[in-house]
Amino acid sequence: MSRNAMLDAWVSEVAALCGPERVHWCDGSKAEYDAMIRVMIQTGTAVPLADDTRPGSVLVRSHPADVARVEDRTYICSTNKDDAGPTNNWMAPAEMKATLTELFRGSMAGRTMYVIPYSMGPIGSPIANIGVELTDSPYVVANMHIMTRVGSAVLDVLGDGGFVRGLHSVGAPLGANDPDSPWPHNLEHKYICHFPETREIWSFGSGYGGNALLGKKCHALRIASVQARDEGWLAEHMLILKLTNPEGRVHYITGAFPSACGKTNLAMLTPTIPGWKVETIGDDIAWMKIGRDGRLRAINPEAGFFGVAPGTSEATNANAMGSLTGNAIFTNCAMTEDGDVWWEQMTDEAPEGATDWLRRPWSRGTARKAAHPNARFTVPARQCPVIAPEWEDPEGVPIDAILFGGRRTSTVPLVTEAFDWTHGTFMGATAGSETTAAAVGAVGQLRRDPMAMLPFCGYNMADYWNHWLTFEQRTSPAKLPRVYFVNWFLKGPDGKFLWPGYGENSRVLKWIVERVEGTAEAVDTPIGRVPAPGALDIDGLQLADGALERLLDVDIEGWLNEVPLIRDHFAKFGDRLPTSLAARADDLERSLLVAQE
Ligand code: GTP
Ligand code: SPV
Ligand code: MN
């Protein structure tokens, strides 16, 4: 019981529908976290890792049919279909609730229903937003403990106020004598549904990541993007980093890259250029509001990292490795004989005698992958060796530059600066990227992923672009961040990356803040401003012959081929498309044709 009548009534109503054996109100304590881990060990969901290598940590292995977000099962159930827009699955709220009600009926039988009051953002801060997740998964409770601020203090702040309602069930009821399975889920039915007008989330059938940890993508992006539109701010799929130059001057940068396209890595990067320092504010989500000073300020609503494990190593992301020394939950990684986790590229040499994520014997040289490509770690943000001291500042940090990006093997140069805010919005709106293992489906297919929000925007994407465009009227344009497009993923004819990436990306960040400070040179091209010859610091960097030219080259033919793709993409939005974005497509084509002559 709480002091919130709406919450109590809702909990009773859901308990009556779902029929759990008992209801547990989460207090957010260490004892509660430990109890969740114990339950998972008992049911075979988790195995403890060796205490001398990763104290307080476990490995969890999911069912192979439940390993990533399910975009084709994700719905935005607004009253009007047009308010969900052409990029979202839609069903009328009443119809969807009727379907879901039957699925949820009795779905928690034999299980405990946990009531998780959580805060996105520091508890009690004016920018924080409260949600309550009801779930029958101890894995969700433990992960929510790390990823959000959970507990009784949230209820104190909530008082009798409103909150985002998140209902989650793995959809695997247990009969009286049924043994539990290591990864309960529902093979047949999966639904990740959002009711933006009533600020509700109903998620059924999956226990994995963004499908089940409802504070993350469902609340902090899909529902929050609608709240942000209504209240005049932005909820974005962005990392937030603090960059300090050798003279001690500080700049804050956000970056929107699609899932598994480099946010966590950039947020924790170890610069290769002397005297520069990066500290982390957030690695996945940014909420941004115009502050009293007229600047766009960003906070990280999360409290932990749910990061991609494969590819993470001392060489690529030492600060992620340094965050993972204990108190971590690893999901779908391999396990070594001495009780540690392992994943592809974690060490130069793969282990011998390991167990893969499907619990099969695995050893160095085995052809299949040891870890699932979307294997993840969950770890408290405060464990990051380079977490910025101000990472929980309720005022947020003032943003100097916003990056958009994606995986593009051709056409899109290493870095391009937008001419102005509208052009920056155009760059974000037309961003393309190759799909990754973060969502179920084909990998490596080029698709438009506007602002890296394609799977996360809770309303019509054209209205969302329009909302972005309004920021030029919300403050003086000079106070808005500059906008850049970056691409670490260009490949040469040999199929190898042209740019070394990771810590070397600090060279691009350096050019960007020097542009902000007005000291770096750029040249105008039809697609935006690129570094002038010599302006990008490549001191001490060994690049292949001709690589730099290719990285900074504006491929006029390639971009002329891109224009019809952009127009097709825009055409999907009919007359809801902001006219200023359509005009930018025309401008782009015109200047490309001039450049071609
Ligand atoms: P989500 O958590 O799914 O939102 O992903 P993310 O955007 O945080 O991506 P992350 O930083 O975890 O990187 C995903 C994959 O891209 C990892 O396998 C990285 O090793 C790889 N990656 C990240 N940065 C770079 C880079 O600069 N160059 C190259 N080639 N690969 C990179
Ligand atoms: C993403 O897919 O962008 C993630 C992982 O950050 S999940 O939480 O599963 O959405
Ligand atoms: Mn993400």
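Answer yes or no as to whether W421 is under 25 Å from L588 (Cα atoms), among the aromatic types (F, W, Y) and surrounded by fewer than 22 Cβ atoms within 10 Å (Cβ to Cβ).
It is true that W421 is under 25 Å from L588 (Cα atoms), among the aromatic types (F, W, Y) and surrounded by fewer than 22 Cβ atoms within 10 Å (Cβ to Cβ).
Take the residues of region 189-198 that are touching a Gly at 6+ places or on another chain (Cβ under 7 Å) and part of a strand (DSSP E or B): which is farthest from ligand 3 (Cβ to nearest atom)?
Y191
The rows are residues; the columns are (1) within 13 Å of ligand 3 (Cβ to nearest atom); (2) open to solvent by 10 Å² or more (accessible area, probe 1.4 Å).
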residue	(1), (2)
E200	no, yes
G209	yes, no
L214	no, no
L221	yes, no
S225	no, no
D230	no, yes
W233	no, yes
M238	yes, no
K242	no, yes
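Conditions: (1) under 30 Å from I123 (Cα atoms); (2) at pLDDT below 95. A388 meets all but one. Number of the miss?
In the conditions (1) under 30 Å from I123 (Cα atoms); (2) at pLDDT below 95, A388 misses (2) alone.
Scan the helices (runs of 4 or more DSSP H) fully inside region 62-168 and keep the ones with 2 or more residues being among the aliphatic types (A, V, I, L, M), surrounded by fewer than 24 Cβ atoms within 10 Å (Cβ to Cβ) and away from ligand 2 (no atom under 16 Å from the Cβ).
93-104, 152-158
Consider region 424-437. How many of its residues are touching a Gly at 6+ places or on another chain (Cβ under 7 Å) and either at positive phi or open to solvent by 20 Å² or more (accessible area, probe 1.4 Å) (or both)?
Matching residues across region 424-437 total 2.
Hey, could you check region 264-278 for residues that are open to solvent by 10 Å² or more (accessible area, probe 1.4 Å) and within 16 Å of ligand 2 (Cβ to nearest atom) and say which is farthest from G503 (Cα to Cα)?
T264
Given (1) farther than 30 Å from G124 by Cβ; (2) in contact (Cβ under 8 Å) with a residue 24 or more places away in the chain; (3) open to solvent by 10 Å² or more (accessible area, probe 1.4 Å), where does R376 come up short, assuming only one miss?
(1)
Of all residues in region 441-456, which are open to solvent by less than 10 Å² (accessible area, probe 1.4 Å) and in contact with a Leu (Cβ under 8 Å, 6 or more places away or on another chain)?
M453, F456
Matching residues to (1) assigned by TED's automatic domain parsing to the domain that holds S433; (2) part of a helix (DSSP H, G or I); (3) closer than 22 Å to V415 by Cβ:
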site: L541; (1), (2), (3): yes, no, yes
site: A544; (1), (2), (3): yes, no, yes
site: G558; (1), (2), (3): yes, yes, yes
site: P564; (1), (2), (3): yes, yes, no
site: R567; (1), (2), (3): yes, yes, no
site: A582; (1), (2), (3): yes, yes, no
site: D587; (1), (2), (3): yes, yes, yes
site: L592; (1), (2), (3): yes, yes, yes
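Can you name every residue in region 361-373 that is open to solvent by 10 Å² or more (accessible area, probe 1.4 Å) and in contact with a Ser or Thr (Cβ under 9 Å, 6 or more places away or on another chain)? Before the answer, list the steps.
Of the residues in region 361-373, the ones open to solvent by 10 Å² or more (accessible area, probe 1.4 Å) are 361-369, 372-373.
P361, W362, H372, P373 - these are the residues of region 361-373 that are open to solvent by 10 Å² or more (accessible area, probe 1.4 Å) and in contact with a Ser or Thr (Cβ under 9 Å, 6 or more places away or on another chain).
Does any residue in region 237-264 that is free of Cβ contacts under 8 Å to residues at least 60 places away in the same chain come within less than 6 Å, Cβ to Cβ, of a residue that is of a type in the set (S, T, Y) and away from ligand 2 (no atom under 11 Å from the Cβ) six or more places away or on a different chain, and which pairs are these?
Every condition considered, the pairs that remain are V250/T244.
If you check E314 against the conditions, is it out of contact with any strand residue (DSSP E or B) (no Cβ under 9 Å at 6 or more places or on another chain), outside the structural domain of M451 (by TED's automatic domain parsing) and without any contact (Cβ under 8 Å) to a residue 60 or more places away in the chain? Explain how you work it out, then say what you get.
Values: out of contact with any strand residue (DSSP E or B) (no Cβ under 9 Å at 6 or more places or on another chain): yes; outside the structural domain of M451 (by TED's automatic domain parsing): yes; without any contact (Cβ under 8 Å) to a residue 60 or more places away in the chain: yes.
Yes, satisfied.
Within region 510-530, does at least one residue satisfy the condition of being open to solvent by less than 60 Å² (accessible area, probe 1.4 Å), closer than 20 Å to G406 by Cβ and assigned to a helix (DSSP H, G or I)?
Scanning region 510-530, I find at least one residue that is open to solvent by less than 60 Å² (accessible area, probe 1.4 Å), closer than 20 Å to G406 by Cβ and assigned to a helix (DSSP H, G or I), so the answer is yes.
Filter region 279-295 down to the residues that are away from ligand 1 (no atom under 11 Å from the Cβ), touching a Pro at 6+ places or on another chain (Cβ under 6 Å) and either open to solvent by less than 20 Å² (accessible area, probe 1.4 Å) or free of Cβ contacts under 8 Å to residues at least 24 places away in the same chain (or both) and list them by number.
Step one: filter region 279-295 for residues away from ligand 1 (no atom under 11 Å from the Cβ), giving 279-281, 286-295.
Checking the rest, the ones that are also touching a Pro at 6+ places or on another chain (Cβ under 6 Å) come to 287, 295.
Correct list: W287 only.
Can you name the condition, by its number, that D52 falls short on among (1) part of a helix (DSSP H, G or I); (2) free of Cβ contacts under 8 Å to residues at least 60 places away in the same chain?
Going through the list (1) part of a helix (DSSP H, G or I); (2) free of Cβ contacts under 8 Å to residues at least 60 places away in the same chain, D52 breaks only (1).
Determine if region 257-277 includes at least one residue that is within 28 Å of I538 (Cα to Cα), assigned to a strand (DSSP E or B) and more than 16 Å from ligand 3 (Cβ to nearest atom).
Taking every residue of region 257-277 in turn, at least one turns out to be within 28 Å of I538 (Cα to Cα), assigned to a strand (DSSP E or B) and more than 16 Å from ligand 3 (Cβ to nearest atom).
The values are calculated or read from the model by the stated rules, or taken from the named source; none is laboratory data. None of these values were measured; they are calculated from a predicted model. For neighbour counting, all protein chains shown are included, and Cβ atoms are generated from backbone atoms with ideal geometry for every residue, glycine included. Just so you know, the surface numbers come from the protein's heavy atoms only, side chains and all, with ligands and any DNA or RNA stripped out. Shrake-Rupley method; radii C 1.70, N 1.55, O 1.52, S 1.80 Å.
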